[in-house]
């Protein structure tokens, strides 16, 4: 029996500059019966830019088991679906892991479409060693959680990459300046946009630069390992 099987495309999308989408990513979105996204508005804007009309299925941190089963049912029924995040590469500090695991468990075909990611963009721009690094994701929501995680990461010998939400930039820099004031760091704001900016120095210096600024921007932080020879 020749059973029709579905397929999940894991598609990387731009982190800021819309020109960063790949031809392969566009083709996979065209081939897809529907697009799985975090937020309808963000996905609709991307598809509109690409002049594509697709059904949108929402899957984010608020999604439950029923949402997961609905999507896997569609895949098992033979649909081809594209998973995207709000920006960048899905699953890197974004929802989607449960869906990928469900596909592996149910022998649903997966195809990863690589592309831009803020993690690698910042790492390469930072000037810190990139042959080994730690992507530590997001820090905690409370002051104590942030400081505890930063203390743990301050002992890491490899370059560390951190993400945070725009409204927590200054509290993150303040915590880092408290935990490791003299550690060399890089702060990239609005990466890939025409107005991106780049800031180097110790955590203390970068925090002093921004502590009185009213700023809300997408950002990534990299800092050198404890025993780095960079300095």
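Every read-out reported here was derived from the displayed coordinates using simple, explicitly stated rules and does not represent laboratory data. What you see is a predicted model, and the numbers here were worked out from it, not measured in a lab. Methodologically, a virtual Cβ is constructed for each residue, glycine included, from the backbone with ideal geometry; neighbour enumeration extends over all protein chains shown.
General remarks:
- Scanning the range 14-32 for residues that are under 19 Å from residue 91 (Cβ atoms) and assigned to a helix (DSSP H, G or I) yields a total of 5.
- Scope the range 118-134; condition part of a strand (DSSP E or B) and surrounded by fewer than 16 Cβ atoms within 10 Å (Cβ to Cβ); matching residues: 134
- The condition of being under 22 Å from the mean Cα position of the chain (by Cα), surrounded by 12 or more Cβ atoms within 10 Å (Cβ to Cβ) and in a helix (DSSP H, G or I) holds for only one of 57, 68, that being 68.
- Filter result for residue 35 (assigned to a strand (DSSP E or B) and closer than 20 Å to residue 115 by Cα): yes
- Taking the range 135-231 and the helices (runs of 4 or more DSSP H) fully enclosed by it, the elements with 1 or more residues that are within 18 Å of the chain's Cα centre (by Cα) are at 169-179.
- All positions within the range 179-201 that are free of Cβ contacts under 8 Å to residues at least 60 places away in the same chain and in contact with a helix residue (DSSP H, G or I) (Cβ under 7 Å, 6 or more places away or on another chain): 179, 180, 181, 182, 183, 185, 187, 199
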